[in-house]
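Written below as structure tokens is the structure these notes are about.
The values are calculated or read from the model by the stated rules, or taken from the named source; none is laboratory data. Keep in mind that this is a model prediction, so the values were computed, not measured. Ideal geometry is used to build each Cβ from the backbone, glycine not excepted, and the neighbour counts take in all protein chains shown. Just the protein is used for accessible areas: all its heavy atoms, side chains included, with ligands, DNA and RNA removed. Shrake-Rupley method; radii C 1.70, N 1.55, O 1.52, S 1.80 Å.
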Amino acid sequence: LIKPEPKKRQVLSLLTNKVPFDEIQIDSQVMDLHCSCNFEINGELLPLRLSRLSIYYAIDVATDCILSYKICFTQHPNQQDVTDLIIGIIKPWKPMHLKIPGLKYSPEACLPSNLGVEFRAIAINMIRMDNALCHMAHSIRDLICHKLNATLNFGLPKRPKGRNYIEHAIAIISKDLHRFESTTGSNPNSHIKEKGGSNKKIPVITLDALEEVLSVLITDHNIKSQAKLNRSSPLQVLKQYVSQNYMNLNPTQIHIANSLHLKQKVVPVKWIKSENRRPHINFENLRYTGNCLSAKELQNKEVIVEYDESDIRTLKVLSLDGKPIGTVVAPRTWQSKRHSVRTRSRIFKIVKHERSLSADPLSGYFNYIYEKRHLPKYATELARIFREFSSQTFHTEDISSASNDDTSSDSTQLGSKRRKHKIPTWTPEIELLPVRRG
């Protein structure tokens, strides 16, 4: 007797979806490219070599259209980067001001969120990602399942073919990045990667230039005709389907687009009367205080704090029923510059293993990174915190007065040891130079 062959398991994820936004695939990749960044501090030009960055993509399976992308200043993105990527699908995309001579957008090249309100209101049915830790965060599940009313699918472990559309899009963009001299190639034995003596030099391609090139390449992908789309471009297929068919809309996601990045956490209100302290809330290793916590009904009770991960200087306090109570602020030494949860956690990690905090921990952290700027890892972090500290939400006069409280480099460093050479204190006047050619 001949034993019948077992039936092959059908992978449903390989079936092509014909409805736009029915399935969106998300994935990230460490770019096969090194870039540089030029700083000007106190009239001194500092060209630095950055480590490899990561980039996130979100692609629509039905039309092969790239919906959003996010450049991350690290090789290990976190949940905040994933949140920014998903919000980019809903928020309107704006073209960059290109400074590279000869570089320009192709006609009608854009992301779908720039086509109109009706494209940003299309309901998302399912988002497919791999089993990365940042994808499995509770905040990502709450964003996709509860706020966007979509389905989150992690797929089978070690089976990237279920997300073949996003893998193919990543491969196409990577081929264009291999044209630069500072590329690492697709593998360690690649013949196009940097030679042994060049991997210490400053790359010609700068961070600003890389962002402009990626913006042009990604938008150009959306207007290129493809054989699998009957010689039509992804944007053409998307426009045609939306204009000729009824779409499942979710208008609420447009109204809550500005609040999708806000997160909530339940914390207790501490009031230690024996220490003669004001009522406070413990959040991210700091005590937040405010007049709204002085009410007797809040003594040793739990409340909800609402915060923006990119700026945690102030928190909004809500009752367990969702009613607003007031706001609380961080200590004054942490109010000088805008900073995120990622930056504060890294500061306290340094404090725990290496040094103690100074009077101004944010300026001290900048000086600590600046001291190790010759290493690509710290140069990348320097570029990240520069952009984070520069995106202030209050007036420039307040920034200058806060940063000029202590002008000596020794008093703003992490730790009490004096440095052998003088390091300039960070100020908002530090500027990234534009791309320079020739």
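All Cα-Cα distances of region 97-138, cut into 5 Å bins from zero to the largest, leave 5, 14, 13, 13, 13, 15, 15, 11, 2 percent in each bin in turn. Would you work out which of 191, 33, 19 lies farthest towards the positive end of the dipole of the chain? Charges go on Cβ: Lys and Arg +1, Asp and Glu -1. The residue sitting most towards the positive pole is 191.
When the accessible area of the chain is computed with all protein chains present and a 1.4 Å probe, what percentage of it is carbon and sulfur?
Summing carbon and sulfur atoms, their accessible area is 51 percent of the total for the chain.
A simple spin-label model places pseudo-atoms 7 Å from Cα toward Cβ; at residue 189 and residue 100 they are separated by 3.1 nm. On a per residue basis, the convex hull of the C-alpha atoms belonging to the chain measures out at 233 Å³. If the chain linking residue 377 and residue 108 were pulled fully straight, counting 0.36 nm for each residue of separation and taking away their Cα-Cα distance, it would gain 93.1 nm. Which listed residue (139, 160, 300) has the Cα farthest towards the positive end of the charge dipole for the chain, taking +1 on Lys and Arg C-beta and -1 on Asp and Glu C-beta about the Cα centre? After comparing all options, I get 160. Quick one: if the Förster radius is 30 Å, what FRET efficiency do residue 22 and residue 172 give, using the C-beta to C-beta distance and rounding to 0.05? About 0.85, to the nearest 0.05. Entry comment: accessible area of the chain is 54 Å² per residue, from protein heavy atoms only and a probe of 1.4 Å. Per-residue extension of 0.36 nm, minus the Cα-Cα distance of residue 248 and residue 76, leaves a gain of 58.4 nm for this segment. The mean of 1/r over all pairs of different alpha-carbon atoms in region 186-232, once inverted, gives a Kirkwood hydrodynamic radius of 13.9 Å. The residue list 229, 177, 216 was ranked by how far each Cα lies along the charge dipole of region 165-258 toward its positive end, using unit charges on Cβ atoms, and 229 comes out on top. Charged side chains reduced to their Cβ positions (Lys and Arg at +1, Asp and Glu at -1) give the chain a dipole of some 1260 debye around its Cα centre. About the centre of its Cα atoms, region 208-318 shows a dipole size close to 460 debye [charges on the beta carbon of Lys, Arg (+1) and Asp, Glu (-1) only; nearest 20 debye].
FRET efficiency for residue 262 and residue 2, Cβ-Cβ distance as r, R0 = 60 Å, nearest 0.05?
After rounding to 0.05, the efficiency reads 0.40.
What is region 284-344 by shape, rounded, prolate or oblate, if you read a ≥ b ≥ c off the alpha carbon gyration tensor as root eigenvalues and call it rounded for a/c under 1.5, prolate for a/b larger than b/c, and oblate otherwise?
Prolate.
Using a simple spin-label model with pseudo-atoms 7 Å out from Cα toward Cβ, residue 276 and residue 52 lie 5.8 nm apart.
Looking at the square roots a ≥ b ≥ c of the eigenvalues of the Cα gyration tensor of region 51-186, which shape do they give, rounded for a/c under 1.5, prolate if a/b is larger than b/c, or oblate? Note, shape of region 51-186 comes out oblate. Mean sequence separation of contacting Cα pairs (under 8 Å, at least six apart), scaled by the length of the chain, corresponds to a relative contact order of 16 percent. The spacing between region 138-181 and region 270-303, judged by their C-alpha centroids, is 42 Å. State, as an integer percentage, the relative contact order of region 193-296 based on alpha-carbon contacts under 8 Å between residues 6 or more apart. Taking the mean separation of contacting Cα pairs over the length of region 193-296, I get 10 percent. Using a cutoff of 8 angstrom between alpha carbon atoms and counting only pairs six or more residues apart, the relative contact order for region 101-188 works out to 22 percent. Over the residues of the chain, the helix contribution to mean residue ellipticity at 222 nm works out to -7500 deg cm²/dmol, using -39500 (n - 2.57) for each DSSP H run of at least 4.
Remark: the residue 359-residue 387 segment gains 7.8 nm on full extension, using 0.36 nm per residue and subtracting the alpha carbon distance.
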